[in-house]
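Chemist: What follows is a single structure, and I will ask about it in a moment.
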Amino acid sequence: MGRKEMGGRLAVEYQGLQVKVPTFFRCPISLDVMRSPVSLCTGVTYDRTSIQRWLDSGNTTCPATMLELPSTDLVPNLTLRRLIALWASTAAPSSSPAPSAVGPTPAGAAAELIRQVAAPGADPCPALRKLAAFLSDDDVDEFDKNALARARGAAETVASVLRRRETDAVEAAVRVLAVITVSDCIDEENKKRVAAALAADAASSAASLARALRSGSGLEARVDAARLVESLLRNATPDVKATVAEAEELVAELIRLIGPVGEKGSLDKQAVEVGLSCLATIAGTRRARSEMVRLGAVPAAVRVLATDAGSPAQALLVLEAAVSCAEGRAAVCENAEVAIPAVVSKMMKAGMSGAEAAVSVLWAVCHRYKDRRAVEAAAASSKGGLTKLLLLMQSGCSPAARQMSSELLKIFKVNAKSCLAGYDSKTTHIMPF
């Protein structure tokens, strides 16, 4: 939905406002009221569409000052955007504004579409698909998208569709909510509205999202459902988080999401990342860990580490939580010849949190519980493991991680020549995380 340019006249949604427009509400380029004000490094604010078109044309100067731009980053001017929104909502129109592509105004369009979704006995799919298309359209201004997302009752009404049994309706509702949740142009407060709507009946939401993960028409639909789980967990209270963590069917579907897909049995990076993010958060609930292990979280996380398919840090956090229970340690040691080398190999490739999680996993199975299979696998990985442990101890890790690393060094026994395998030169260069 592009904006109709009319010289110095107001944009379509403001044409009915017979009031004086404050000068600083107008874009210096189009002279229209700004719908998405953004500022350049020069301090001048423009409408996003106009300045982006200027920059995309190859210009490297500020249109107003003609100064060279050392940076073309566009910073949203949220204060000005709120002032324009307040002005637009309080100014009294002398006539009805001209209709836009989705309704009379973004707010009016939202109200109408939400009414269609909530209508008893009506098929909500057409309205939901229109909402999703509107929110996904790059040509629609973020000002209008946020107006729709924050419409009274919008998130709650769409979320209520998740309780229905019709697969198509549930998938369409998931898509609308997922677009709001992941869109960069949607305000954080509007994203939290979605999480709050899901949290209002967390048990029902978890069951509905589990069904969407299980019966989604494709991988994209399943990823959308997982993104809603991720949003719910990120904004949840401890009680809501516990309710979601104890939803066995949901946990099982998240584990399946990070598994092989397609005929080749490869892992999808996007699916793995969102699935692991959810599982790592769920693993923070202690009483959910043994159930996660029973459902196959350990081999799934090890597979991710071994194939470079997703975030190693998240996979290591899942394993760290798993080895805190007997079932998790047993699962790691059962396939120690694969799991231990996979953990060692990613120790210095997962950031500080991932590195410390890797040390915690190795320490639990090799030192604290001294499983023979894990110790043997660790000894077989001693050449690289020893060097990584030494590097970690020099890199500012936590005192607990340093203590565990020093205890693991006794297990990674090697001869003097192997000990220096990572230190062939007189200078040791430690790469930052």
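Chemist: Heavy atoms only, probe 1.4 Å: what % of the accessible area of region 162-259 goes to carbon and sulfur, would you let me know?
Modeler: 46
Chemist: Less than 13 Å Cβ to Cβ from Lys370, Lys/Arg counted +1 and Asp/Glu -1: what total charge do the surrounding residues give?
Modeler: +2
Chemist: Counting only the heavy atoms of the protein chains, how much of Thr79 is accessible to a 1.4 Å probe, in Å² to the nearest 10?
Modeler: Its accessible surface works out to 90 Å², give or take rounding.
Chemist: How far apart, in nanometres, would the label points at Asp56 and Ser398 be if each is projected 7 angstrom from Cα along the Cα-to-Cβ direction?
Modeler: 4.6
Chemist: Taking Cα centroids, how far is region 185-246 from region 159-174 in Å?
Modeler: Here the two parts' Cα centres lie 13 Å apart.
Chemist: Could you run the Debye sum over the Cα atoms of region 167-267, one equal point scatterer each and no solvent, and tell me log10 of I(q)/I(0) at q = 0.18, 0.25 Å⁻¹, two decimals?
Modeler: -0.81, -1.38
Chemist: Please give, to one decimal in nm, the separation of the simple spin-label points placed at Asp168 and Asp239, each 7 Å out from Cα toward the Cβ.
Modeler: Rounded to a tenth, the inter-label distance reads 3.9 nm.
Chemist: Compute the accessible area per residue over the chain, keeping the other protein chains in place, probe 1.4 Å, unit Å².
Modeler: 47
Chemist: Let me ask something else about it. Along Cα→Cβ, 7 Å out, is where each label goes; now give me the distance between the ones at Ser215 and Ala196 in nm to one decimal.
Modeler: Computed distance between label sites Ser215 and Ala196 equals 3.1 nm.
Chemist: OK, next. Under 16 Å Cα-Cα from Lys20, which aspartates and glutamates qualify once same-chain neighbours fewer than 8 residues away are excluded?
Modeler: Those aspartates and glutamates meeting the cut-off are Asp32.
Chemist: Treating only the Cβ atoms of Lys and Arg (+1) and Asp and Glu (-1) as charged, compute the dipole magnitude of region 244-378 about its Cα centre; round to the nearest 20 debye.
Modeler: The dipole magnitude comes to about 380 debye.
Chemist: A further question follows. On the Cα set of the chain, report Rg and Dmax in Å, please.
Modeler: Rg, Dmax (Cα atoms, Å): 26.9, 88.
Chemist: If the elastic network links every pair of Cα atoms under 10 Å, which of Glu253, Glu68, Glu337 fluctuates the most in the Gaussian network model of the chain?
Modeler: Of the options given, Glu68 has the highest mean-square fluctuation.
Chemist: Report, in listed order, any pair from Lys192/Lys388; Lys130/Lys269; Lys346/Lys370; Lys130/Lys264; Lys349/Lys370; Lys346/Lys410 with a Cα-Cα distance greater than 32 Å.
Modeler: Lys192/Lys388; Lys130/Lys264
Chemist: Per-residue accessible area for Phe25 at 1.4 Å probe radius, Å² rounded to 10?
Modeler: Its accessible surface works out to 10 Å², give or take rounding.
Chemist: What angle do you read, to the nearest 10 degrees and between 0 and 90, between the alpha-carbon axis of helix 269-282 and the longest principal axis of the chain?
Modeler: Value to nearest ten degrees: 70.
Chemist: Using only the alpha-carbon atoms, how far is helix 351-362 inclined from the longest principal axis of the chain? Give it as 0 to 90 degrees, nearest 10.
Modeler: 40
The values are calculated or read from the model by the stated rules, or taken from the named source; none is laboratory data. Just so you know, these numbers come straight off a predicted model, no measurement behind them. Here Cβ is always computed from backbone atoms with ideal geometry, including for glycine, and neighbour counts include all displayed protein chains. Each accessible area value is taken on the protein alone, full model and side chains, heavy atoms only, with ligands, DNA and RNA left out. Shrake-Rupley method; radii C 1.70, N 1.55, O 1.52, S 1.80 Å.
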